[in-house]
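Here's the structure we're looking at; comments come further down.
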Amino acid sequence: AEAAADARLDVSAPVRTIGAIAAARHGDVDAASEAADLIWLSSDGKANAHQQRQFAQRLAEATVKWTDAQVAQVRDYPPQIKAALGSFNHKERERAAGLVSSLGRFGSASLSDMLQRWEDDVRLYAYLRRLGPLAASAVPMLTERLKDESRGSQRPYIALTLGCIGGAAKDALPHMRALHKQEQSFHDRSNYSKAIKAIENDEPLQPDAR
């Protein structure tokens, strides 16, 4: 822990990132936010892309055993990432969402921001699928969208997203079964079937399921 604290004072951003991730592994919520901020700052440009992916994976691994209570403590989610999630620039927004969805348990702390700011963007579902079961807190919102007839062609994608979450999405099953029965498209019926089975068996679909 002392070595991690010293590293966070280093002038080198990579060394500070490593120190913050080490502290996050010991449950330091503020350190996790600091690490995410440093990872985001290094994500602008292809030169640091490999290093960014490595650090994101390390932060995801460092927080994998965090409890729901610890995730709930993340009140100071990196402001630059929060701002980017709501950017009018879709490339900036996608870059931020891509990073968030790779941060695992810590990344799930930003779900409320993603859901509020991406109200009508179907690409949101792809990023939620990458979080898989960690996106369980999104189930109520996704279920409401599944029931919304105006969502039309989005509904099969919403179903697949719930399928990636798995057993925690069981409350959505009645609506999903009803949609499956009335769906005319063979492809979309198949997607509903896969999602229903994944939720019933609590065997989450893979993010690239279609």
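In table form, for the structure just shown:
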quantity: Hey, A159 assigned to a helix (DSSP H, G or I), within 17 Å of I196 (Cβ to Cβ), free of Cβ contacts under 8 Å to residues at least 40 places away in the same chain and open to solvent by 10 Å² or more (accessible area, probe 1.4 Å) or not; calculated: no
quantity: Candidates A172, A195 - the one that is open to solvent by less than 40 Å² (accessible area, probe 1.4 Å), at pLDDT 95 or above and either out of contact with any Gly (no Cβ under 8 Å at 6 or more places or on another chain) or among the charged types (D, E, K, R) (or both); calculated: A172
quantity: Qualifying residue in segment 146-155 (condition: touching a residue at least 60 places away in the same chain (Cβ under 8 Å), in a helix (DSSP H, G or I), on the phi < 0 side of the Ramachandran plot and under 19 Å from the mean Cα position of the chain (by Cα)); calculated: no
quantity: Those helices (runs of 4 or more DSSP H) lying entirely in segment 1-107 with at least 3 residues open to solvent by 20 Å² or more (accessible area, probe 1.4 Å) and either within 21 Å of L131 (Cα to Cα) or at pLDDT 80 or above (or both); calculated: 13-25, 29-41, 49-62, 68-72, 79-85, 90-101
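The values are calculated or read from the model by the stated rules, or taken from the named source; none is laboratory data. Model, not experiment: these values are computed from the prediction. Cβ: placed from backbone, ideal geometry, glycine included. Neighbour counts: every protein chain shown. For the accessible areas, the whole protein counts, side chains as well, though only heavy atoms, and no ligand, DNA or RNA atoms are used. Shrake-Rupley method; radii C 1.70, N 1.55, O 1.52, S 1.80 Å.
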